[in-house]
Amino acid sequence: MSTVTATDDRDAARVPVRGLTVLYDAECSLCTHLRDWLGRQPQLVPLTLVPAGSDEARARFPGLDHSATLDEVTVVGDGGQVYRDTAAWIVVLWALREQRPLAHRLSTPAGARLARGAVLAAAWWRGGLGNGKVFRREDGWVYEPGIGWIYDPPGCAGAVCATR
């Protein structure tokens, strides 16, 4: 088993992906449901499913921020590629025989917005946000009950952004 760190430069643009390791939150019912679903899907690229933050994950990828892998889905390619958040969801779909066409559509600018919405919906569900509270992410996305997801870019207050 080779050790890959998040900072290794493996020229990911030219290195083919022959395997992916999906780090998932083993304490999250949605995450374990998706893990089980992934395990049943025909795979074009083999997926290894490893609990995020586990001893196994730390041994395989000592250079990763393992606390961050519990907050957002993280996928590591066998060539050292690290995919997070929306890109991680898309690359996992790309690895599945029946989902690869969808992954290609989601990798377009228009599809990326749809994929981002799916990731935000999963975050909403995972965070138990049906409790009527506002949920803010560091990347500027905010869930407000009654309104839904809105984007308030960092450095902006109430849709008014500072100019330089």
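The values are calculated or read from the model by the stated rules, or taken from the named source; none is laboratory data. What you see is a predicted model, and the numbers here were worked out from it, not measured in a lab. Every residue, glycine among them, receives a Cβ derived from its backbone with ideal geometry; neighbour counts consider all protein chains shown. When the accessible area is computed, the model is the full protein with side chains, heavy atoms only, and any ligands, DNA or RNA have been set aside. Shrake-Rupley method; radii C 1.70, N 1.55, O 1.52, S 1.80 Å.
Brief remarks follow.
- If the condition is being in contact with a helix residue (DSSP H, G or I) (Cβ under 8 Å, 6 or more places away or on another chain) and within 20 Å of ARG60 (Cα to Cα), then the stretch 32-45 contributes only VAL45.
- Of the criteria (1) open to solvent by 50 Å² or more (accessible area, probe 1.4 Å); (2) at pLDDT below 90, which one GLY127 fails: (1)
- Hey, THR32 among the β-branched types (Val, Ile, Thr) and closer than 20 Å to ALA122 by Cα or not: yes
- Subset of the stretch 3-22 [at pLDDT 95 or above and assigned to a loop (DSSP other than H, G, I, E, B)]: GLY19
- Residues being closer than 19 Å to ASP36 by Cα, surrounded by fewer than 19 Cβ atoms within 10 Å (Cβ to Cβ) and in contact with a Ser or Thr (Cβ under 9 Å, 6 or more places away or on another chain) - total across the stretch 52-70: 1
- Residue check, ASP36 among the acidic types (Asp, Glu) and over 14 Å from the mean Cα position of the chain (by Cα): yes
- When ASP139, ASP71, ASP152, ASP78 are screened for being of a type in the set (Asp, Glu) and modelled with pLDDT of 80 or more, only ASP78 passes.
- Taking each residue of the stretch 65-78 that is among the charged types (D, E, K, R) and looking for partners that are surrounded by fewer than 21 Cβ atoms within 10 Å (Cβ to Cβ) with beta-carbon atoms closer than 6 Å, six or more apart or interchain, yields GLU72/ARG84; GLU72/ASP85; ASP78/ARG18; ASP78/GLY19.
- Enumeration of residues in the stretch 16-47 that are farther than 14 Å from ALA88 by Cβ and either among the β-branched types (Val, Ile, Thr) or surrounded by 18 or more Cβ atoms within 10 Å (Cβ to Cβ) (or both): THR32
- Residue that is farthest from GLN43 (Cα to Cα), among those in the stretch 71-118 that are surrounded by fewer than 16 Cβ atoms within 10 Å (Cβ to Cβ) and among the basic types (Lys, Arg): ARG113
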